[in-house]
Amino acid sequence: VTAANAEAKDWFNQGLMLLYAFNHDEAIHSFRAAVAADPECAMAHWGIALALGPHINFPMMTPEKSATAWSELQLAKQFSSRCTDVEK
């Protein structure tokens, strides 16, 4: 993942592992820690949006989660110029 420092990368990687383990709430905490370490880490913003989205254990999105996910996607797009082609 493209990030300004190793701390942000570590938090992102942890968030992705938690997301794959269906621990979406903890994944969001990790992605937010990645954003705290690198506010312009597009993939961390994307991770928050993805974790807020519908999944097998929670198929419906609340209006609040939808709004936050949309906001995070906009930030991911804003900072995507720093990303690799694969990340885009």
Q) So how do 32-38, 44-50, 79-85 stack up, highest first, on mean other-Cβ count within 10 Å? A) 44-50, 32-38, 79-85
Q: Would you calculate, for the chain, the mean residue ellipticity at 222 nm contributed by helices, counting each DSSP H stretch of 4 or more residues as -39,500 (n - 2.57) and dividing by all residues, to the nearest 500?
A: -20500 deg cm²/dmol
Q | Relative contact order [Cα under 8 Å, 6+ residues apart], segment 1-51, whole percent | A | 42
Q) In the chain, with Lys and Arg counted as +1 and Asp and Glu as -1 at Cβ, which of these residues, Ala67, Leu16, Ala37, has the Cα nearest the positive end of the dipole, that is, farthest along it? A) Ala67
Q. Looking at the chain, do any whole DSSP H helices span at least 15 angstrom along their long axis by alpha carbon and average 1.0 or above on Kyte-Doolittle, and which?
A. 42-52
Q.
Normalised by the empirical 2.2 N^0.38 Å for globular proteins, what value does the Cα Rg of the chain take?
A. 1.01
(Q) What distance in nm lies between label points placed 7 Å from Cα along the C-beta direction at Trp70 and Val86? (A) 3.3
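A short reminder: the numbers here are calculations on the coordinates, not readings from a lab. Keep in mind it's a predicted model, so treat the numbers as computed, not measured. For neighbour counting, all protein chains shown are included, and Cβ atoms are generated from backbone atoms with ideal geometry for every residue, glycine included.
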